[in-house]
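The values are calculated or read from the model by the stated rules, or taken from the named source; none is laboratory data. Bear in mind the structure is a predicted one, so any value in this text is a computation, not a measurement. We place every Cβ from the backbone using ideal geometry, glycine too, and count neighbours over all the protein chains shown. Heads up: the accessible areas ignore ligands, DNA and RNA and are worked out on the full protein's heavy atoms, side chains in. Shrake-Rupley method; radii C 1.70, N 1.55, O 1.52, S 1.80 Å.
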Amino acid sequence: MVNVSEADKQLAKNSPVLTSHANLAAVYPESLGYRIKRIVLGRPYVTEQLSGERLGRTVALGVLAPDCISSSAYGTEEILIQMTPFIGIAAFALVVPIMFVIIGVLLFVTLSYWDVIKYYTQAGGAYVVARENFGPQIAQIAAVALLIDYTVTVAVQCSAGTNALTSAIPSLTRYSLYITVGIVLVLIFGNLRGLREAGSYFALPTYLYVLGLGSTIIFGYYKYFAGTLHQVALPTASALHYNLGTPGSGPLMGLAFISLLRAYANGGSSLTGLEAISNGVASFKRPESLHARQTLIVMSSVLGFLLIGTALLAHWTHALPYSSGSPTVVSQEVGVVFGYHGAGHIFFEFVQFATVLILYTGGNTSFNGFPFLANYVATDKYLPRQLTKRGHRLAFSNGILLLGVVALTLILIFKGNVNSLIALYAIGVFTGFTMAGLGMVARHRRDRVGHWRRGVFINGLSAFVTGIVVLIFITVKFKEGAWIIVVVGPIMYLALIRFHKQYEREAHAFESSATSEPMNIRTNRVVVFVDHYDLATERALQYCNTLNAYSVRAVHFDIDPMVTRSLEGRWGRPNTASESVSLEVVECEDRRLDRAALELVADVVRDPDVFCMVILPRRGFVSRLQRLLHDRTADAMAGAVMQIPRTAATIIPYRASRRRLAEGDLTEVPISDEVVRGGLREESHLEADVKLAERSGGAAPIGGLRERNFVEIAGRVRAMTITRENGTSDLRCMIVDNTGSVALIFQGRAVVPGIERGTRLLVRGTVTSLRREAVILNPQYEIVAAPASDD
């Protein structure tokens, strides 16, 4: 039961019921920056829209697999580019055996992630596996590896996509770098706008690519066995931009073993993106684990088919790689299989178009994975907390911008050369594979349930094989760019550990303070710093006089004698707030106001029983010109004095508003104390809101409610509070629409089934006033729609 005093009842009778929103348009209009952001990025998404639709297996394969499947577009080429300068066309005899070895690695990694998905259905992949089994510090190795992987993926995929584009349109070759940079900028912009919402559209390039390249492989097989598949004409060294080597003797045909390892390491980049299903398992329809595992098998099978197919076609057609990256090996294969004229040329353009789309789409997958991984790591206090904040369109905007900037830097440094970027690529990928495998080994050895020995063998073998690939990459690609990862990786790891220690120290300090003895405050003293005597100063003094303080000191630092004399002349006039407050003028020889304030307040709180409240009047500014013409002394002084124990600083702003006179001139007048009512707030248009609008055709706007009226209103529960008084609990719900808000009070109930924040309600009841606030006691209600969720 809510007790209402006689004074409250009298106030309610004499005061209007205020339910309409405040009109902020004149007091605090939207900033120019926000208005530009809204034009560029669109209207903001509400948090409730985070609950998205889950993906079926067909769409999930198309959305999550582009990074993995698209690597077949350059995997064979990356193997050949390491061998053809040394042994020439003899490299085509080795490309297929090397690719079969890579397929073997694909098998083990697939089986390992098949196991991971069975036990870990939340997003995070190798990072979550390592964190759960080795602890958060060791997990940062996986975090660093994956962050590097996501970053280099954008650079590699977009650069490879541009190579495919220039293979179809050779005249664009000279603009390759500009095109790649432009595509990354488009991806940044698109993801800041919420590009991830168009999941089904992102699935289309995957299926177009698989259809196009798969048809090329199958038709290529047919032409080879029919004896009609011809080889590519051997280009000149000037066209290749390198000298073609000559074969030697022996099993490797004169190829140095180190070059063979380089070719194998380059080809291993074909497995990048294999972890995408594990990272996105939470987005699958239930049962998530089953659907994700089925999708993983399909994705790996498609990748294996495309890798073997492109390697065999290269072996049969002798499609040589160009150092410039264009034309690509795959584009030459498509041209040989279908021809460059008539219907064959149309299909060639189709395959190249599909290849371009999937490669650029594969680059976009990192803009989903990187921000979420950075959010997990930052939540664990190993990265700055700014990476946990969602932006205007619910995306992790800071993570998107960070990824985009680093990816663009790599593209510019390496000039969009895929072969150069590959050296950075696979180290992070395979380190993640290794950490996931080792984590699952640790889990099976700890739990020892089911076929745990088989799990230990599969994951252990996967970790061993992928770990060997990491060592090969570091060794054979060290001078080609792998040294960057060897240097940057440990630095990133140490930085993450350093961030965590700093967060832990801060948490420990505040927790210790929270459990310390309470402050023994017996006296409150107020110090108000004044410069000029104006309306801002008058308002601050009026506020000081309302405080129940032991003493109020008005302090002026004398740095300009003329200003000081003017202030003393105006101080203490009748009918002003300064009449009851003495002015204290303090010399400030070095003119450092913040330091002078710091020293004065420190002297005030020398007494351990004293708490000092510092009041700082400040003029409010309505234009950027005013901010430029005035300093921010009050802010600097507040920041200084708040370093002192038992001290708080309060800034009392007083603003003026602009008005245009009849003559057309602008003037500024003080803003009235009255808060203008009648403001309208932006409405959301979710499915629940549409349902509420259909159900509440006769509902009254909340902003127009009057006391003692029986009303029917409709709105969304925005806030909930449980108040406890006289041994009873009351549930207080604030219901809002775009015109206003009113409180619903359910007396004697701490919980009302079905009502939570975000619930859309249709409410009937009598409006009354309680402590000068509009309320409806024990209303009739109908739950129209629950807040959106993933369930």
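With respect to the conditions (1) assigned to a helix (DSSP H, G or I); (2) surrounded by 13 or more Cβ atoms within 10 Å (Cβ to Cβ); (3) in contact (Cβ under 8 Å) with a residue 60 or more places away in the chain, Asp531 falls short on a single one, namely (1). From the list Leu410, Leu357, which one is of a type in the set (A, V, I, L, M, F, W, C) and either touching a His at 6+ places or on another chain (Cβ under 8 Å) or closer than 19 Å to Ala482 by Cβ (or both)? Exactly one residue qualifies, and that residue is Leu410. Here Ala126 fits the description: in contact (Cβ under 8 Å) with a residue 40 or more places away in the chain and within 21 Å of Asn368 (Cβ to Cβ).
Do we have Ala743 as in contact with a Cys (Cβ under 8 Å, 6 or more places away or on another chain), open to solvent by less than 40 Å² (accessible area, probe 1.4 Å) and in a strand (DSSP E or B) here? So Ala743 fits the description; yes. Among residues that are at pLDDT 65 or above and either in contact with a helix residue (DSSP H, G or I) (Cβ under 9 Å, 6 or more places away or on another chain) or open to solvent by 50 Å² or more (accessible area, probe 1.4 Å) (or both), Gly245 is included.
If I filter region 402-412 for residues that are surrounded by 23 or more Cβ atoms within 10 Å (Cβ to Cβ), outside any loop (DSSP other than H, G, I, E, B) and among the hydroxyl-bearing types (Ser, Thr, Tyr), do I get at least one hit? No, every residue in region 402-412 fails to be surrounded by 23 or more Cβ atoms within 10 Å (Cβ to Cβ), outside any loop (DSSP other than H, G, I, E, B) and among the hydroxyl-bearing types (Ser, Thr, Tyr).
Going by the conditions given, is Ile87 farther than 30 Å from Ser259 by Cβ, in contact with a helix residue (DSSP H, G or I) (Cβ under 9 Å, 6 or more places away or on another chain) and part of a helix (DSSP H, G or I)?
Working: farther than 30 Å from Ser259 by Cβ: no; in contact with a helix residue (DSSP H, G or I) (Cβ under 9 Å, 6 or more places away or on another chain): yes; part of a helix (DSSP H, G or I): yes.
When the stated conditions are applied, Ile87 does not pass them.
Scanning region 49-58 finds one or more residues that are touching a residue at least 12 places away in the same chain (Cβ under 8 Å), buried (at least 22 other Cβ atoms within 10 Å of the Cβ) and within 25 Å of the chain's Cα centre (by Cα).
Take the residues in region 752-791 that are in a loop (DSSP other than H, G, I, E, B) and open to solvent by less than 10 Å² (accessible area, probe 1.4 Å), then tell me which one is nearest to Gly698 (Cα to Cα). Full working, then the answer.
Narrowing region 752-791 to residues in a loop (DSSP other than H, G, I, E, B): 752-759, 771-772, 778-779, 786-791.
Now drop any that are not open to solvent by less than 10 Å² (accessible area, probe 1.4 Å), which leaves 752, 758-759.
On the way: Val752: 25, Gly758: 21, Thr759: 19 Å.
It comes out as Thr759.
So, Ala714, is that one of a type in the set (Gly, Ala, Ser) and surrounded by fewer than 13 Cβ atoms within 10 Å (Cβ to Cβ) or not? So Ala714 fails the test. In the set (1) farther than 28 Å from Arg454 by Cα; (2) over 24 Å from the mean Cα position of the chain (by Cα); (3) among the β-branched types (Val, Ile, Thr), Ile98 fails one condition alone, (1).
Among the residues of region 440-449, what is the count of those that are in contact (Cβ under 8 Å) with a residue 40 or more places away in the chain and either at positive phi or in contact with an Asp or Glu (Cβ under 7 Å, 6 or more places away or on another chain) (or both)? Please lay out each step first, then the result.
Step one: list which residues in region 440-449 are in contact (Cβ under 8 Å) with a residue 40 or more places away in the chain, which gives 440, 442-443, 446.
Next, only the ones that are either at positive phi or in contact with an Asp or Glu (Cβ under 7 Å, 6 or more places away or on another chain) (or both) stay: 440.
Going through region 440-449 one residue at a time, the tally reaches 1.
Run down Arg539, Arg565, Arg525 and say which single residue is part of a helix (DSSP H, G or I) and modelled with pLDDT of 90 or more. The unique qualifying residue is Arg565.
Across region 163-174, the number of residues qualifying as over 30 Å from the mean Cα position of the chain (by Cα), surrounded by 13 or more Cβ atoms within 10 Å (Cβ to Cβ) and not aliphatic (A, V, I, L, M) comes to 3.
To keep it simple, each residue is scored yes or no on (1) modelled with pLDDT under 75; (2) over 30 Å from Ala602 (Cα atoms).
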position: Arg646; (1), (2): no, no
position: Thr650; (1), (2): no, no
position: Tyr654; (1), (2): no, no
position: Ser657; (1), (2): yes, yes
position: Thr667; (1), (2): yes, yes
position: Ser672; (1), (2): yes, yes
position: Val675; (1), (2): yes, yes
position: Arg681; (1), (2): no, yes
position: Glu687; (1), (2): no, yes
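Go through the residues of region 177-197 one by one and say whether even a single one is buried (at least 18 other Cβ atoms within 10 Å of the Cβ), over 21 Å from the mean Cα position of the chain (by Cα) and at pLDDT below 90. No, because not a single residue in region 177-197 is buried (at least 18 other Cβ atoms within 10 Å of the Cβ), over 21 Å from the mean Cα position of the chain (by Cα) and at pLDDT below 90. The criterion of being part of a helix (DSSP H, G or I) and either over 32 Å from the mean Cα position of the chain (by Cα) or at pLDDT below 90 (or both) holds for Glu506. The residues of region 703-733 that are of a type in the set (A, V, I, L, M) and within 19 Å of Gly678 (Cβ to Cβ), listed by number, are Leu705, Val711, Ile713. Looking at (1) over 33 Å from the mean Cα position of the chain (by Cα); (2) in contact (Cβ under 8 Å) with a residue 40 or more places away in the chain; (3) outside any strand (DSSP E or B), which is the one condition that is false for Arg749? Just one mismatch for Arg749, condition (2). Residues that are surrounded by fewer than 22 Cβ atoms within 10 Å (Cβ to Cβ) and among the β-branched types (Val, Ile, Thr) were ranked within region 466-487; the one that is nearest to Ile413 (Cα to Cα) is Ile484.
Among the residues making up region 4-47, those that are modelled with pLDDT under 75, part of a helix (DSSP H, G or I) and not polar (S, T, N, Q) are Glu6, Ala7, Asp8, Lys9, Leu11, Ala12, Lys13. Any idea how many residues of region 79-107 are in contact with a Gly (Cβ under 6 Å, 6 or more places away or on another chain), modelled with pLDDT under 90 and not small (Gly, Ala, Ser)? Residues flagged as in contact with a Gly (Cβ under 6 Å, 6 or more places away or on another chain), modelled with pLDDT under 90 and not small (Gly, Ala, Ser) within region 79-107 amount to 3. Filtered by the rule that a residue be in a loop (DSSP other than H, G, I, E, B), surrounded by fewer than 21 Cβ atoms within 10 Å (Cβ to Cβ) and in contact with a helix residue (DSSP H, G or I) (Cβ under 6 Å, 6 or more places away or on another chain), region 332-390 gives Asp380, Lys381. Restricting region 248-272 to residues that are modelled with pLDDT under 85 and touching a Gly at 6+ places or on another chain (Cβ under 7 Å) leaves a set whose member that is least open to solvent (accessible area, probe 1.4 Å) is Ser269.
Among the residues of region 413-426, just one is open to solvent by 10 Å² or more (accessible area, probe 1.4 Å) and either under 26 Å from Leu387 (Cα atoms) or free of Cβ contacts under 8 Å to residues at least 40 places away in the same chain (or both), namely Ile413.
Out of Val614, Val552, Val585, I need the residue that is open to solvent by less than 20 Å² (accessible area, probe 1.4 Å), touching a strand residue (DSSP E or B) at 6+ places or on another chain (Cβ under 7 Å) and farther than 30 Å from Glu30 by Cβ. Which one? Please lay out each step first, then the result.
Working: Val552 fails: open to solvent by less than 20 Å² (accessible area, probe 1.4 Å); Val585 fails: open to solvent by less than 20 Å² (accessible area, probe 1.4 Å).
So the residue among Val614, Val552, Val585 that is open to solvent by less than 20 Å² (accessible area, probe 1.4 Å), touching a strand residue (DSSP E or B) at 6+ places or on another chain (Cβ under 7 Å) and farther than 30 Å from Glu30 by Cβ is Val614.
Reported count of residues in region 679-717, each being within 20 Å of Pro44 (Cα to Cα), without any contact (Cβ under 8 Å) to a residue 40 or more places away in the chain and outside any helix (DSSP H, G or I), is 1. Put simply, of Ser215, Ser167, Ser171 the only residue that is part of a helix (DSSP H, G or I), in contact with a helix residue (DSSP H, G or I) (Cβ under 7 Å, 6 or more places away or on another chain) and either among the small types (Gly, Ala, Ser) or modelled with pLDDT of 95 or more (or both) is Ser167.
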